[in-house]
Structures are given as structure tokens and as C-alpha cells.
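Just so it is clear, none of the values below were taken in a lab; they were calculated from the coordinates. From a predicted model like this one, the values you see are computed outputs, not experimental measurements. Every residue, glycine as well, gets a Cβ built from its backbone with ideal geometry; the counts of neighbours run over all protein chains shown.
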Amino acid sequence: MNMGMGAVTKRLIPYGVMALLVMAVASCGKDATDGDQKVLATVNDYRMTLDDFHRQLNAELEFTPEVKLTREVRKHFLEELIRKELMIQEAKRRGLDSEPDFVRAIERYWESTLIRKLIEIKGAEIEARTLISEDEIAAQYRNLQKVDANLPPMEEMRNQLTKHLKEEKKTLRLQTWINGLWERSRIEIDEDLMQGKP
């Protein structure tokens, strides 16, 4: 079922979302004409290649699989990207990208994104090495039975139990890994300053 263009606007280009603005600012001003890439649109000094447009469109459509990729949707998405670029250029012209509050917001976003990516990668590494034994599954099932005697048979809950146990192990091992980073690092804290002493 096709969505109306108003719905597409709200779903594909959510104005005011800091994450999108930050990503846009990061790419704004970058020469997008590397090599022989075809330029799809020019917005003042900024040039958007066809490849860049396709990457952004694919990324947005992943979050809105119900949207059908029609010529109208492609045209509307490009127009919204151009509007976004115009606003970013105007904000930069006014020097808003140099204001301390904005710079700190960028730093916070960059840091949180970097940490999230690290946790995802390390979590995947841990999960790939995490095994759940039959004894662990049976023990978990018995513990649940103490709370609810009317549970379905263990075989019906096997996948759910395995997933839960694996997630518990992964969380614990992630925390152990983070603690290890702390223990292996040189960290010094000025306790007087921490206590507010002059």
C-alpha cells in the first residue's frame, strides 16, 4: 500500500532530529564528485552525486519498508534533501556551526555513536563465542517453573530460554570486558577536587 506524500515526508525526513542534522553537517561542504561520479543535483557550492543520493535513500527506506519506491517518492526525497542542505548552508552562513553549544552537541553525538559501535562489535564477538548447555537451559526452566507452574513444555520454550541465557552471558561478559579496560588503564583522580576542596 502506497503512503501519501505527507506521510513520506514525516517518515523519510524527520526535521529537527539531531542525528540527521549532525550527519548532514558532517557531509555538508564535502566535494561529492570523486572520480567520474555523476552529479545528480547542485545546491550552491555543494554537489550531490547519484551514488550519494542512492545511499541516503536506501538508508531511509530501511526504516520505512512499507514505502513503495516510485518516481514520485524519489523526486520528493531529493527535494527534501535539497531543503535540508539549504537549511544547513544557511545555518553555517550565520556561524551557528561554530557556537559552543552546537559543537558540544556534535561531540556528545560523536562520542555516543562511537561507543555504541564499539559495544555492537564487541557484543557480536562475545555472542559468537557464547554457548548455552542443556544443563543451563534445564536449570533456567526449573527456575521459571517455581514462579509459574503452568509453563509450556521446555521444548517449546527452548529457543526463548537459549536466547535469554545467551543475552545474560553476553551482558555479563561485556561488563567484565569494560571493567578490564579500567583495570588495565592508568587513571588518576584528584580526590580533593572531587570533594570540592580548594
Exercise. Determine which member of the set L172, L118 is hydrophobic (A, V, I, L, M, F, W, C) and over 30 Å from I88 (Cβ atoms).
Key: L172
Quiz item: Tell me, which residue of the stretch 50-66 that is surrounded by 10 or more Cβ atoms within 10 Å (Cβ to Cβ) and not in a helix (DSSP H, G or I) is farthest from the chain's Cα centre (by Cα)?
Solution: E66
